[in-house]
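Note sheet for the following structure.
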Amino acid sequence: MDFLLNSIAAIATIAAFFFFLSPPYVLFKLLRHIARSISKENVAGKVVLIVGASSGIGEHVAYEYARRGACLVLAARREKSLREVADTALSLGAPEAVAIPADVSDIDDCKRLISQTIDRFGQLNHLVNCAGVTSMCMLEDITDITRFTQVMDINFWGYVYMTYLSLPYLRRSQGKIVAIASSASWMPAPRMSFYNASKAAVISFYESLRIELGSDVGITIVTPGLTELEMTKGKMLNKDGEIVVDQEMRDAEMSIVPIVRVAPSAMAIVDGACRGDSYLAEPPWVQSTIWWVAFLPEVVQWLNRWFLVVESPSDAPSKKLLGVPGMKHLAQPASVWSPVIKE
């Protein structure tokens, strides 16, 4: 059997690859996308729970749902920022916007969040999992490895807890889950091993769950590239497991890879969820990077090591490349140059 599979697997894979690029299949996908766009879900009056809503993608997804008339439950750890987002959402058209401070790495907080949502509205239609923390340091530089369990606790287990507790209500409403993962889940980069692993776990979890649930609950897995977030403003966990803002490290790690505006990305994410997309890369070009890793893994690894692995971020070729006149203005929105991090 092994001999047979070894003989035909590669040939069958190549044949399937060309089939999925064939004009009939591409036309089918295009027509299907158009049909879903025409009949996409109207979320006016529906209940949307957004975890990680105090900043970044979660914040702007809240604004996009608000413009479409959805009732919002907004959760995050920072109460002041969360209430500001709720007030803005109300001004944009949300009939209700409830701010509930919560830490999704704590299952008791997750239970309280779901309980208060159902007590208030009696239903749940969309769950948007967007909470996250980024670590950016070499493994061997870490001073206390146990302080980095929070990356998986928030980025992965927080999603799992909220999904598990929400499923009875999402089944009842034939609702949707929007899981914000990352293109970093397949693109290896030094200093981001914990973050990348957590996002890969998120994708694997929801792909498996999609098979379990069938058509009862829709799941949209979103893989953003670099987006105008607190992370791309330099907010990260350092080698001591402490939250810091380090723009020099940010510049070295992200270099001239374009950082896209968060508001258009949020609009695309909500459109994708309402269409019922299974996957959404935002911006779309980042999806092509999965082929770089699949077909040229050694080249990707060599380039990342040569550009990024140096003793000091200021010496990294990636950092120097960003210093070429005009490059920073081309790659990064001005909003990430002098970051204002919410409290």
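Overview of results
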{"item": "Under 5 Å, built H, 5+ apart or other chain: amide partners of Ile219", "result": "Ile177"}
{"item": "Integer Hz, Karplus 6.51/-1.76/1.60 couplings in order for region 245-260, x for Gly and Pro", "result": "10, 10, 6, 5, 5, 4, 5, 5, 6, 9, 6, 9, 4, x, 9, 8"}
{"item": "For region 285-297, Karplus couplings with θ = phi - 60° (6.51, -1.76, 1.60), whole Hz, Gly/Pro x", "result": "5, 5, 4, 5, 5, 5, 6, 4, 5, 5, 9, 10, x"}
{"item": "Label selected from (1) 1.17; (2) 0.93; (3) 0.98, the criterion being Rg/Rh (Cα atoms, Kirkwood Rh) as computed here", "result": "(3)"}
{"item": "Phi to ³J(HN,Hα) by Karplus 6.51 cos²θ - 1.76 cosθ + 1.60 over region 78-85, Hz, x for Gly, Pro", "result": "8, 5, 4, 4, 5, 5, 5, 5"}
{"item": "Sequence-distant residues sharing a close amide H with Lys235 (under 5 Å, placed H)", "result": "Asp246"}
{"item": "Protection proxy ranking of 255-262, 207-214 - average other beta-carbon atoms within 10 Å, highest first", "result": "255-262, 207-214"}
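None of the figures in this text is laboratory data; all of them are computed from the coordinates on show. Just so it is clear, the structure is predicted and the values come from calculations on it, not from any experiment. Positions of Cβ are generated from backbone atoms using ideal geometry, with glycine treated the same way; all protein chains shown enter the neighbour counts.
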